[in-house]
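Some notes on the structure that comes next.
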Amino acid sequence: MVLPAAPFAPQPTGLERLLAEVINPGLCVACGACLGLCPHLIFLDGQVAAPDPCGLTSGRCWDLCPVAQRGGPGAAQGPIGPVLGAWQGRATARDLEGRAQYGGVVSELLALALEQALVQEAVVTAAGPRGAPQGLRVSGRSGVLGAAGSIYAGGGALGELNRALAEDACHPLAVVGLPCQIQALGAMRAHPDYPQTLERIHLVIGLFCTMNLPWRGVRDLLARHGVQAPLSRADFPPPPAGIFQVWSGGAYHELPLDQVRAISYPGCAGCADLTSEGADLSVGACEGKPGWNTILARTHAGAGLLELAAGKGLLELEPAQPASLEHLNQAAIAKRKRAAAWSEERRHG
Amino acid sequence: MADVSKLIPGQKVLLQGNEAIARGALEAGVALAAAYPGNPSSEILQTLADSAHSAGIYVEWSTNEKVALESAAAASYAGLRGMASMKQNGVNVAQDFICNLTISGTQGGIVLVTCDDPSGVSSTNEEDARFIARVACLPLLEPATPAECLSMMKLAFELSEQIGNLVVLRGLARLSHTRAGVVPGPLPESKRRPRWDPSQRWFTIPVVPRHQAMLDKLAKAGEIMGAAGVNYYDGPQRPELLVVASGSSRLYADEARRMLEAGERVGILHLGATWPLDQELILEHLARADKILFAEEVDPHLEGGVKSIYAQHVRELGIKDFFGQDTGHKPPVGELSPSRVAAALADILGLPWQEVDPAYQEKAQVAQALVAPRQVGFCPGCPHRASYWSMKQVLAADGREGIVSGDIGCYTLGVLPTGYQRVNAVHCMGSGPGIASGLGKLRDQGFGQPVISVVGDSTFFHAALPALVNARWNNSDYVLVVLDNSATAMTGFQPHPGTGATAMGQAGTVVDVEQVCAGLGLPYAVVDPYDLEATQEALYDALQIGGGLRVLIFRRLCALVQNKQGGHPWSISVDPELCRGEDCGCHRFCTRVFRCPGLVFDEATGKATVDEVVCVGCGVCAQICPAGAIKARPKEATA
């Protein structure tokens, strides 16, 4: 007797599917959530690759991938997620000037958390020897300063977090990440086979993000404009600037925004999160106030750290301006709409 | 190999076919022998090299087969006897020279030995090099036994001098490596003094009269070989079936006839001289049988030749039935065997034939199931495994669908799982960089894939250099990776220009790969493939540069040579506490993906472990273990 085919065959949820649905179609945003878990996924020069089939039908690489796990139109708590307090601020220390992004709040908070032993190591993104961003573990202020500032390119930093979590250690960790990475952290904490994420990640600082760029695309674009990598910092100034600002070797350059958009990660288009809604603290640019950050305290841990920094005089803080928050809301709503439209378009081919 | 110059004349000894060829050459007074190693021919030159000092002759491993034959021709022009030996592929390399040499002619006796490899057991192709006899109108001898190897080598040299042309002797893999009794003859008592008479000039023009002279030489060779007794008939006066056979197939036919107890019905026409064919002899035997079967290996050389003779004489011979490749009685591919010939005989004669006893077959199947499946693979510690590992990793990370153009050597195994199937094309010696050179010129038409060409250090000198000059000249964009294991490892560790050693054991001059690259103006770097991280960084960077040919030399001594020179430094072990086994995140990464035979998966414990008998201690696997479970400790510390 020939048995009929099984009415439903479980779909693989491992590397094979990650390759088919995320990596091979070019949707990977190099967050690094799949890296450092196994030897099959590697990261070199800003790009994730899988040289060999792993042969398993399920794996955390799929479970943790924020692109693979994208669901509905977004969280229910409003366009910028849960907020205990909204601030605008900047670091008072002068050693961050010109190195950190905007007001240097992220660097200062991270340095403080390390100094106060709230965490023992922090996973951040910094330029590697080739100029490509990559995950890095820092354990003090000098390390934080070395990684300060953004170059807007995917660095797979969560791979470094996975490596840290795989070690036989129990010290607390902090993570700084983009919305995609904060989403992946949420999946890590919820994963039944990843209990150490709950135990060891004590601080999550999220960044605001409208889109991110693949390093190799950035490097090629820079080369076309005669700019030598590595970059020390980059920024998207608010509209209507229409430019991408980069600092390289002390020199400043402007690249046309449309050319930069053209190389951005296609996978970013489906992201509905502007402000890293799952973080303890979210930090981004403060519109209309250059050199300052907007800070959203989302958890008591985040609010407590902010309070501590302010109390020590490390941060100059003001309540966020309603107009600025409204603008952030509108931008977040627009990102959600774009993501919904993109997802809809993909669903219907 | 043994010094065969010291064999005692008249005293029967066991000799390998290749050793007998070497002894035959010495008895014929060969003064210069040259070759490029290639199985199954390699032992011929090694035997001569090991006999060279006592025999007072010159023997060399040449950079390639064409140069080897040209060196042999030099001896001939100086009035001495010279020879070149090679595998079937080598005949292709030497062909251009052969096809001109046959027109210009020769002075001292000169013999080309080709050892063909039916089934391509140690080759990238299956080829019948007898074609060269037809193409270049050269006399062809095919021995069947080591004794005939010796005697036919002597005949070949004599014949060459009598007609003033090159003579070809064709061996086969089975004959090359078969040992049988041989009775050596005396070595020449005197030596010739080399001198090229300046009034003698050797060239091919005017072409047409010289072409005619070449044909006349071939006809004369036919007469001499016909009288030499190398062709003979063995069987009943009027056989029901005549088997026309040459080489090892003569023995197979004889054995098949015995197995079938068909001695009264089957006759064998043994052809030792197979080009030109002895028309008179063949007509005589065609007239005595109505059924004719051909037994020969690879191409239907005899089958075509005999049928051609028959076609000219069909009126007097009448209707005959021919059996061979055209009728499916001789396989068109693969090695022949007594069983295959017996099957053909049985079919033609209507005899029952069973290759294997069913009871035996049944037991064999049971036994077969007990034997662990094995795959051809790199040796434990082979630097090529590490090299291909790095190429695989880097090309995947590069993400532009990189292509690896392969070449000939141990590293040809890169086409198999042992090399992660990372090689996209393999053809002949030196073709890898040539193909890469072409790919690297398709950039303007949109070919964006990076290209790596891999060549071994010996292949680099054999045939890669013209392709490299071509790429340099035309600014082709690719990365040449020289897999420098400082040995011609696949064929038995013969020296090559990069090692500086010579066949006769004297120091030659090292031809340095780096200096060659520098001389060509090529940027190059040297890395140790055992250092995976450094190798991968260097390769990735080299791929990103673009714009022209650049060279990476992956230098690490062949693991087998290293084992003979004190071994590797590490003692490898697996910490079972750290080994992830089959868990998510590894899934037997070292034994399933890396696949060094020194690592085995212990099904009982569900962990990897080291096979201490097989592992050589290269330490590469310790770099790929994601859990740090594979430990490499200095051997001294663990002794």
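The values are calculated or read from the model by the stated rules, or taken from the named source; none is laboratory data. Because the structure is predicted, anything quoted here is derived from the model rather than measured. Neighbour counts run over all protein chains shown; Cβ positions are idealised from the backbone, glycine included. For the accessible areas, the whole protein counts, side chains as well, though only heavy atoms, and no ligand, DNA or RNA atoms are used. Shrake-Rupley method; radii C 1.70, N 1.55, O 1.52, S 1.80 Å.
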Which of the residues spanning segment A:249-302 are open to solvent by 20 Å² or more (accessible area, probe 1.4 Å), touching a residue at least 12 places away in the same chain (Cβ under 8 Å), assigned to a helix (DSSP H, G or I) and among the aliphatic types (A, V, I, L, M)?
A:L257, A:I263, A:A269, A:A301
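This table checks each residue for (1) open to solvent by less than 30 Å² (accessible area, probe 1.4 Å); (2) part of a loop (DSSP other than H, G, I, E, B); (3) of a type in the set (V, I, T); (4) away from chain B (no Cβ under 14 Å).
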site: A:A20; (1), (2), (3), (4): no, no, no, yes
site: A:V29; (1), (2), (3), (4): yes, yes, yes, yes
site: A:A33; (1), (2), (3), (4): yes, yes, no, no
site: A:P66; (1), (2), (3), (4): yes, yes, no, yes
site: A:G81; (1), (2), (3), (4): yes, yes, no, yes
site: A:R90; (1), (2), (3), (4): no, no, no, yes
site: A:D95; (1), (2), (3), (4): no, no, no, yes
site: A:R99; (1), (2), (3), (4): no, yes, no, yes
site: A:A113; (1), (2), (3), (4): yes, no, no, yes
Only one of (1) away from every other protein chain (no Cβ under 14 Å); (2) open to solvent by 40 Å² or more (accessible area, probe 1.4 Å); (3) not charged (D, E, K, R) is not met by B:P626, so which one is it?
(1)
Residue list for segment B:275-317, filter: among the aromatic types (F, W, Y) and either within 14 Å of B:L242 (Cα to Cα) or free of Cβ contacts under 8 Å to residues at least 60 places away in the same chain (or both)
B:F294, B:Y310
Among the candidates A:A310, A:A341, A:A323, which residue alone is assigned to a helix (DSSP H, G or I), at pLDDT 95 or above and open to solvent by 20 Å² or more (accessible area, probe 1.4 Å)?
A:A310
Taking segment B:557-599 as the search range and keeping residues that are farther than 22 Å from B:P626 by Cα and in contact with a Ser or Thr (Cβ under 8 Å, 6 or more places away or on another chain), which one is farthest from the other protein chains (Cβ to nearest Cβ)?
B:V561
If I filter segment B:391-408 for residues that are away from chain A (no Cβ under 14 Å) and open to solvent by 10 Å² or more (accessible area, probe 1.4 Å), do I get at least one hit?
yes
Would you mind finding the one in B:Q95, B:Q88, B:Q107 that is in the same structural domain as B:V30 (by TED's automatic domain parsing), within 19 Å of B:M153 (Cα to Cα), polar (S, T, N, Q) and open to solvent by 10 Å² or more (accessible area, probe 1.4 Å)?
B:Q107
Counting only helices (runs of 4 or more DSSP H) wholly inside segment B:250-335, the ones holding at least 1 residues that are over 27 Å from B:T145 (Cα atoms) and open to solvent by 10 Å² or more (accessible area, probe 1.4 Å) are B:301-312, B:314-317
With the structure loaded, tell me whether B:A425 is touching a Ser or Thr at 6+ places or on another chain (Cβ under 7 Å), more than 14 Å from every other protein chain (Cβ to nearest Cβ) and free of Cβ contacts under 8 Å to residues at least 24 places away in the same chain or whether it fails that test.
yes
So which of B:A144, B:A221, B:A133 ends up being in a loop (DSSP other than H, G, I, E, B) and open to solvent by less than 10 Å² (accessible area, probe 1.4 Å)?
B:A144
Sort out which residues of segment B:600-617 are away from every other protein chain (no Cβ under 14 Å) and either closer than 19 Å to B:P417 by Cβ or more than 37 Å from the chain's Cα centre (by Cα) (or both), and write them in order of number.
B:V600, B:D602, B:E603, B:A604, B:T605, B:G606, B:K607, B:D611, B:V614
Any idea which of B:E533, B:E514 is more than 14 Å from chain A (Cβ to nearest Cβ) and at pLDDT 95 or above?
B:E514
For B:A359, indicate whether it is surrounded by fewer than 22 Cβ atoms within 10 Å (Cβ to Cβ) and more than 25 Å from A:V48 (Cβ to Cβ).
yes
Residues of segment A:39-56 satisfying the condition of being open to solvent by 20 Å² or more (accessible area, probe 1.4 Å), facing chain B (nearest Cβ under 7 Å) and outside any loop (DSSP other than H, G, I, E, B)
A:I42, A:L44, A:Q47
Per the filter on segment B:13-51, residues buried (at least 23 other Cβ atoms within 10 Å of the Cβ), more than 17 Å from B:V183 (Cβ to Cβ) and over 21 Å from the mean Cα position of the chain (by Cα) are B:V30, B:A31, B:L32, B:S51
The condition of being open to solvent by 20 Å² or more (accessible area, probe 1.4 Å), over 17 Å from the mean Cα position of the chain (by Cα) and of a type in the set (D, E, K, R) holds, among A:E108, A:E121, only for A:E121
